[in-house]
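Visitor: Submitted below is the structure of interest, expressed as structure tokens.
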Amino acid sequence: MPLDECLPIVNYVLMMQKYSIASLLRHGINNHTSWPKAWRSPPLKESYDVVIIGAGGHGLATAYYLAKEHGVTNIAVVERGWLGGGNIARNTITIRSNYMRDQSIPFYVKSVALYEEMTKELNFNMMHSKRTMIDVIQNYPMMRDRRRRQHIMDIYGSTYKRISEAEVRKRIPALTGGGPGSRLPVIGGMVHTDAGVNRHDAVAWGYARAIDALGGEIHQQTAVESLVRGADGAIEGLQTNRGLIRAKKVAVAVSGHTTTLTETAGLKLPLRTMNLTAFVSEPVKPLVDVIVNCPDAGFYFSQSDKGEMVIGGAPDMGQSFRRDIKQHVFEDTVSAMLSLFPSFKKLKLMRQWGGHLDIAQDASPIMDETDVPGLFVTAGWWGGYKAIPAGGLTLAHLVATGRPHELMKDFTLKRFRHLDYVMETGTTTAR
Amino acid sequence: MMNIPCPFCGPRNEAEFAFGGPVKPRRPDPNATSDDEWADYLTQVPNPLGPVEERWWHVKGCGTWLSIWRDTRTHDIVEGPGNAD
Amino acid sequence: MQTDRLDNGGRIDRTKTLNFTFNGRPYQGFEGDTLASALLANGVRLTARSFKYHRPRGIVGSGVEEPSTLVELLGDDASGNRPVTTVALREGLAAKSVNCWPSPELDVGAINQMFARFLPAGFYYKTFKWPNWHLYEPFIRKAAGLAAAPAEPPKEGHFENRYAHCDLLIAGAGPAGLMAALVAGRAGQRVMLVDEGSEPGGSLLSRNLMIDGKPAMEWVRSVSAELAGLSNVRHLQNATVWGYREHNFVMVNEREPEQPSILERNWRVRAGQVLCATGAIERTLVFGNNDRPGVMLASAVQTYVNRYAVRPGKRAVIFTNNNSAYAVAADMQASGIEIAAIVDSRENPPEVARASVPGVEVLSGQVITTTHGRRRVRAVTVAPAKGGTGRKITCDLVTVSGGWNPAVHLWSQSRGTLAYDQALSTFRPDKAAQSAASAGAADGHLVLAEALRSGAEAGANGGALPDIPASDDLDYAVDPLWQVEQASGKAFLDMQNDVSVDDVHLALREGYDNVEHVKRYTTGGMGIDQGKVGNINIIGTVAMQKGLPLDEVGTTTFRAPYTPVSFGAIGGIREGSVALPYRHTPVTAWNLANGAFMYESGARWRRPGYFPRAGEAFQDTVNRECRTVRNDVGVYDGSPLGTFELKGRDVGRFLDHLYTNVMSNLKVGRARYGLMLSDDGLVMDDGVALRLSQDRWIISTSTGHADAINGHMEEILQTEFPDWNVFITTVTSQWNNATICGPKAREVMQALGTDIDISTEALPFMAFAEGHVADIPARVVRVSFTGELSFEVNVAPRDLLRLWQRILEVGVPFGIAPIGSEANHVLRVEKGFLSLGHEVDGPIDPFDLGLGWAMSKKKADYLGKRSVALRRAGTSNRRELVGVIPEPDRMIPEGGPLTPGGEKKPTEGFVTACVYSTVHDRWVGLALLENGHSRHGETVHVRLNDGVIPARVTPPIHYDAGGERLRS
């Protein structure tokens, strides 16, 4: 490896303040007055090799892998708000790989593996809790769908195992509803031991700190007004509230707002923006040790380390950029939950919120260079949190080499030219 | 939950309706368009940060398919640009 | 002993003594007490331990803002994390502190205090990494989490939801809200007045003020009485407006509206206008050890003294930066509490304030730097605000007031903006985003007269203003004090989550400098109280450290709910079949009575899977039912199939647009199978169309897709062809059917008796006729989903059960039996008939399914035609439907992946279905296989984790390829 390519790595090792018990004790003695900044706020330069729009999970991960794997360090991540403040702060942190298609499974298997190594990799405690997900199945067609996944997942080393109703109840003692004779009796479960949860803020902050140490820059409060194309049609830079920034390559990683941005470059994409809500209960003592997913009832939850039940349901109908709660959708989710977990009637809602996702025509992600040379997008992530590390790894590869990464080669924009949908969700009604 | 004006039933709760998506351009003659135009028509839906014309089906009411203009930032139902003339 | 109960006063009923226990010890209080006031009356000061450091904590507030003492109710009331100040006392109440063990006095977790120095904000991000978090997690989780989770649903009573509509919804029945309700109510508006307290009055319940020369509560009483007499006003107490959604949709949680039957009621209110008269919340002051039991909000002390007749201390030091604490001091003095000093951080407290407590020492320009004591405050150190030596003052109560924050939570939920008000040094409502307004203290009108006026104006909404009653109140003036800079010891910003000034400084030092980063890194404001008392001090501390004005720092987002709401109230009575009603046919009850194994089979239909007989295992039953159909005759209830009647002269061309094949040339009296595609070329549905007359048709859809197809047809008709003469009516539940199938089906039909000529010649396959069967008016259709001779006998629902029973009677000599879905599945797989839920996967098209013949070449256009062509032109190696015969003979699990050579490689297809065929006495299946149509005869491999199953590829029809049986 030539020296100049090694430098970022050397820099990385030297620059980053090691976080450990020892450093915590050392700093504790002097009242924590000398902890360095996790990331700096350098002055904005006129131009960069690569600018990534969006300091959310995918944008930060992309910057990290560009610097670390490809030695591209003259990079800036621009963010109109605060880093880690987009949908990475609004999801339900479920990390899993129980997908159905050859195109998807290896990607998510990789993402889960990268998440598991992330604490070591970034020297930042992600609080990764590989705690297993249990699907509570209440319908035979759903069981068939899950069994189909089980067989194909096995090919790619992802685990899914059927368990009996009794076993489901043993592992989720709070599941007291859905008994024989009830409206949707529990008929069994599927166990996905690869699944886990972690701390979303740590993911954003850990990446930001590592990017900074590798020589990349993060610019918050930097809102992109438009993408700027050169005379040849290729990307030239971006106009922001802080002026023009030139860039040879620009990657858009802004979830929900993808089309808003690309339309400033005259580019249309097959995406619709939708709202998905989540909510948490009051914190209570440990009650549920696994991630509980109830696909037939239409909700899922896990208990955070703080004790809150973090609960998600179905997305709202209609396009939306308003992060809001649809009361009727919310009530459906809650009553579905209460039918299986009747003791939660006395548990209290503490906080609820909405987040954006942009959904492609086939409900599968898009990662590609667009018709505007030098302009890349990563979008259409439905449940994109679990995809963050592998999404960053593969987008960095695409941006640096110009070639799609093996794990994402089927998720191009070109597929829509021939309506060659991936259709992870199966059939037209599920779409 | 929005309050959607049905031309027959008056303002009704959103829960009575099914969402029908944004109104697309008129369906082109499939025998007189290029592959790209056809694919674009099918896959590219309006997704504005602002007013969008969209369809709702009053499925738990009178069964009408209606269209409204709605601001995707606020969910306010607004006057469409076409209503000016 | 209620040692700290005052002899007189208070809105309590001293004739009703209530017994309760707290942390296992018995106490007594009075009707009208909260648990907090009763504990204080009993001299209990140490009531909690803090979340992280397990520091001793007491009661700080008097309402929903309480940041410090959370309790868990036990017994029948069991529920957790209740602010002690919001629990109404009742006989037999049992409560305990959360977050300490075994008790707040002997808390084992208190050992954390010794390590506090090593537990700064975000410490867990830097440690617990080796070997992995999962090792530490159980201990961390056990330590966190406050109260225990409720173990059971409520034993008695239920929750309910209710809708309401009003012109004006007023949140808060304090002075402004009452005034607004009065004005709007008198004007005839439909008003809903909603208040979270046990009785109306808001701040007036706690303060000694006069309105119109009489005690303010007299005014409250007379206004409430007038409102009660107005039929256009609905007044709810014990009800919290907790959520403000789009289109002025507002959520109200009413507690115990009808004890014991209704525990809670959640109102969904569509309001013309919403008035936020939610009052203001006092903020605390930030100094060393400001969390020690005995440090209380001034407004809380005032409430305990005036409303509950409780003396929270004997000798108090008051610490303030504003005028309102002086009025509190006067009330405290009147109740016999000694005021050791008023410490006012302002250099020149206004004379008007001092005048309310003549003779009390005011230490102006001074601050409390720290408190002393162990489990209860014993003294404070007071020093000049600008620096200098301090002196110690003994006291057992520290009354603090950091100024007032309008309760803008609801306003913010409505998307209204906030602006920083320099004079009030706080955020107040600015621009409305919906039809919403604010009044009273919630709008920054902190003096009673202004609050009453703003309420009246809001209620009048531009109309005539009534006379505003006269009132007395101290003018409000404040100088912000976000933190005492020379504080010694931990100075808490968020007591519930143990967040101190040092934590915020550390966050800023490490670069977490956005207020949202500060919140997340320190967890400040993320507790159950959502930072009602402390958030603005966090913002102030950030502003001070960064040298920015507060409005540039900004607030974090206020989200629903305002206070926690039980999920039971949100769900209401919707559970089980109330939330998800069953669909049933006239035969459902018969099925259940005759031992059918029933299950949900899509679209909420519960259908019989199979009809087991004594001694039969599952597979025996299915095999028997299959043999019955193949050898003799079976009958099944086909009613759930989606059925639509289409009328009008344009139905033919309408169906030509919807279906891939031509329908318009179908002859009257005939039926035709058809496929529907979406316009982007995906298979949506299949079914049969019947032409009843020139302009009258019946079409059927698959059961699960009926609702979707209804919407699809109506959308196309109404939006694309509004001028076409077509009327679509759902008749799924208007036409039911019993389908008789098997080689002896015709004999059963004859035994039933029919006036229809059912001979093959008169009624061939895909024909139908109307007449009578068993004297019941019927339409008999020759379709077949089993591959056998079939008569689908369609009748009115009222006749189905009679027909069904008759069929089973007359069928006995022919060996008839009812057939469930499982056997039907086997029979259709043997025949290679399509099941959308099995064989349609992703962008599979009719050609892939071997149904290319149904893709009309004649029609220039129909839904999906162009797209299927485009997709086929751009893709290769398509997955095509084939038959598979496992060799050796065994079952292949449905979904079993086909991989090249059975290796661990990307798949080339999967098995969509595999059944035991009684006609072949072996397992047969269907599969989607890459280029499958050209691979008949090949051996493919199903790769499972426990082995590989070779299978021979065949055409997808395993039985009667010529279709002679169904045509017979």
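Visitor: Taking the dipole about the Cα centre of the protein assembly as shown, with the C-beta of Lys and Arg at +1 and of Asp and Glu at -1, give me whichever of A:Gly233, A:Val50, C:Met684 is farthest to the positive side.
Guide: A:Val50
Visitor: Compute the FRET efficiency between C:Lys667 and A:Ala113 as 1/(1 + (r/R0)^6), taking r as their Cβ-Cβ distance and R0 = 56 Å, and round to the nearest 0.05.
Guide: With a Förster radius of 56 Å, E is 0.35.
Visitor: Now, a different point. Note down the magnitude of the dipole of the protein assembly as shown about its Cα centre, charges +1 on Lys and Arg C-beta and -1 on Asp and Glu C-beta and zero elsewhere, to the nearest 20 debye.
Guide: Rounded to the nearest 20 debye, it is 2540 debye.
Visitor: Taking the Cβ-Cβ separation of A:Glu46 and A:Lys268 as r and a Förster radius of 35 Å, what is the calculated FRET efficiency to the nearest 0.05?
Guide: Once the sixth-power term is evaluated, E becomes 0.70.
Visitor: While we're here: Would you work out the relative contact order for the stretch A:74-226, in percent, from Cα pairs under 8 angstrom that are 6 or more residues apart?
Guide: Relative CO of the stretch A:74-226 lands at 43 percent.
Visitor: With a 10 Å Cβ neighbour count serving as the proxy for reagent exposure, in which order, fewest first, do C:Glu600, C:Glu282, B:Glu79 appear?
Guide: B:Glu79, C:Glu600, C:Glu282
Visitor: Something else now. Which length gain, in nm to one decimal place, applies between C:Lys647 and C:Ser198 when the Cα-Cα distance is subtracted from 0.36 nm times their residue separation?
Guide: Contour length minus Cα-Cα distance gives 155.6 nm.
Visitor: Can I ask one more? Check C:His235: other-chain or 5+ apart residues with amide H under 5 Å from its amide H, H built from backbone geometry?
Guide: Counting only residues 5 or more places away or on other chains, the set is C:Leu193.
Visitor: I need the shape label for the protein assembly as shown. Rule: rounded when a/c is under 1.5, else prolate if a/b > b/c, else oblate, with a, b, c from the alpha carbon gyration tensor.
Guide: It comes out prolate by the Cα gyration axes.
Visitor: What ranking, highest mean first, results for peptides C:69-80, C:697-708 when packing means the other Cβ atoms within 10 Å averaged over each residue?
Guide: C:697-708, C:69-80
Visitor: Using only Cα atoms, find the angle between the long axis of helix C:821-831 and the longest principal axis of chain C, and express it within 0 to 90 degrees, rounded to the nearest 10.
Guide: 50
Visitor: Hey, got the average number of other protein chain Cβ atoms within 10 angstrom for residues in A:328-341?
Guide: Partner Cβ neighbours, averaged per residue: 6.
Visitor: Taking neighbour counts of Cβ atoms within 10 Å as a proxy for exposure, in what order, fewest first, do A:Lys68, C:Lys431 appear?
Guide: C:Lys431, A:Lys68
Visitor: Next question, about the same structure. For C:Lys904, give me every one of the aspartates and glutamates with a C-alpha distance below 13 angstrom, ignoring sequence neighbours fewer than eight places off in its own chain.
Guide: Reachable aspartates and glutamates: A:Asp102, A:Asp154, C:Asp946.
Visitor: What is the Å³ per residue value for the convex hull set by the Cα atoms of the stretch C:284-402?
Guide: 86
Visitor: So what is the relative contact order for chain A, in percent, with contacts set as C-alpha pairs under 8 Å and at least six apart?
Guide: Relative contact order, chain A: 22 percent.
Visitor: Follow-up. In degrees between 0 and 90, to the nearest 10, how far off the longest principal axis of chain C does helix C:618-631 point, with axes built from Cα atoms?
Guide: It works out to around 40 degrees.
Visitor: Continuing with this model, one more query. Angle between the Cα long axis of helix C:706-715 and the longest principal axis of chain C, 0 to 90 degrees, nearest 10?
Guide: 80
Visitor: For B:Cys6, enumerate residues with amide H under 5 Å from its amide H, sequence gap 5+ or separate chain, H modeled in the peptide plane.
Guide: Placed amide hydrogens put B:Arg12 under 5 Å from B:Cys6.
Visitor: Project the alpha carbons of chain C onto their principal axes and report the range along each, largest first, in whole Å.
Guide: 115, 69, 56
Visitor: Additional query: Please work out how much length the chain gains when fully extended from C:Arg696 to C:Ser733, using 0.36 nm per residue of separation minus the C-alpha to C-alpha distance, in nm with one decimal.
Guide: Result: 11.5 nm gained on full extension.
Visitor: Would you mind ranking A:Val191, C:Val622 by Cβ crowding within 10 Å, fewest neighbours first?
Guide: So the residues, fewest neighbours to most, are A:Val191, C:Val622.
Visitor: Amide H of B:Arg73: which non-local residues (sequence gap of 5 or more, or other chain) have their own amide H closer than 5 Å, using H built in the peptide plane?
Guide: It is A:Phe321, B:Gly50, by chain and number.
Visitor: In whole angstrom, how far apart do the alpha carbon centroids of the stretch C:301-341 and the stretch A:23-65 sit?
Guide: Each part's Cα centre sits 49 Å from the other's.
Visitor: What FRET efficiency, computed as 1/(1 + (r/R0)^6) with R0 = 41 Å and r the Cβ-Cβ distance, is obtained for C:Arg890 and C:Gln805, rounded to the nearest 0.05?
Guide: My answer for the efficiency is 0.50.
Visitor: Once you list every other residue whose beta carbon is under 13 Å from the beta carbon of A:Lys348, what net charge do they have if Lys and Arg are +1 and Asp and Glu are -1?
Guide: Value of the local net charge: 0.
Visitor: Using Cα springs under 10 Å in a Gaussian network model of chain A, which residue among A:Ile52, A:Ile235, A:Ile155 shows the largest mean-square fluctuation?
Guide: A:Ile155
Visitor: Return the whole-Å distance between the Cα centroid of the stretch C:678-702 and the Cα centroid of the stretch C:146-185.
Guide: Centre-to-centre (Cα) distance: 50 Å.
Visitor: Of all DSSP beta bridges located in chain C, what percent are antiparallel, nearest 5?
Guide: 75
Visitor: Find how many whole Å separate the alpha carbon centroid of the stretch C:362-400 from the alpha carbon centroid of the stretch C:524-551.
Guide: The stretch C:524-551 and the stretch C:362-400 have Cα centres separated by 23 Å.
Visitor: Return the ratio Rg/(2.2 N^0.38 Å) for the stretch C:875-968, where Rg is computed over Cα atoms only.
Guide: 1.08
Visitor: Which one of C:Asn591, A:Thr333, C:Asn945 is farthest out on the positive end of the charge dipole of the protein assembly as shown, using unit charges on Cβ (Lys, Arg +1; Asp, Glu -1) and the Cα centre as origin?
Guide: Working it through, the farthest residue towards the positive pole turns out to be C:Asn945.
Visitor: Give me the percent of DSSP beta bridges within the protein assembly as shown that run antiparallel, rounded to the nearest 5.
Guide: Taking every DSSP beta bridge with both residues in the protein assembly as shown, the antiparallel ones total about 75 percent.
Visitor: If you don't mind, another one. Taking Cα pairs under 8 Å and at least six residues apart, what relative contact order does the stretch B:3-78 come out at, in percent?
Guide: Averaging sequence separation for qualifying contacts and normalising by length gives 30 percent for the stretch B:3-78.
Visitor: Cβ under 12 Å from C:Gly243's Cβ, C:Gly243 left aside: what net charge do those residues give with Lys, Arg +1 and Asp, Glu -1?
Guide: So the environment of C:Gly243 carries a net charge of +2.
Visitor: Would you mind checking the radius of gyration and Dmax of the stretch B:3-78 based on alpha-carbon positions, in Å?
Guide: When restricted to Cα atoms, the stretch B:3-78 yields Rg and Dmax of 14.7, 42 Å.
Visitor: I've got another one for you. May I ask what percent, to the nearest 5, of DSSP beta bridges between residues of chain A are antiparallel?
Guide: In chain A, DSSP labels about 70 percent of beta bridges as antiparallel.
Visitor: For the pairs A:Lys68/C:Lys519; A:Lys120/A:Lys249; A:Lys386/C:Lys519; C:Lys831/C:Lys858; A:Lys285/C:Lys96; C:Lys647/C:Lys857, flag any whose C-alpha to C-alpha distance is greater than 20 Å.
Guide: Where the Cα-Cα span goes over 20 Å, the pairs concerned are A:Lys68/C:Lys519; A:Lys120/A:Lys249; A:Lys386/C:Lys519; C:Lys831/C:Lys858; C:Lys647/C:Lys857.
Visitor: With a sphere of radius 13 Å drawn around the Cβ of C:Gly365, what net charge do the other residues whose Cβ falls strictly inside it have (Lys, Arg +1; Asp, Glu -1)?
Guide: -1
No value in this document is a laboratory result; all are computed from the given coordinates. Keep in mind it's a predicted model, so treat the numbers as computed, not measured. Note that each Cβ is placed from the backbone with ideal geometry, even for glycine, and that neighbours are counted across all protein chains shown.
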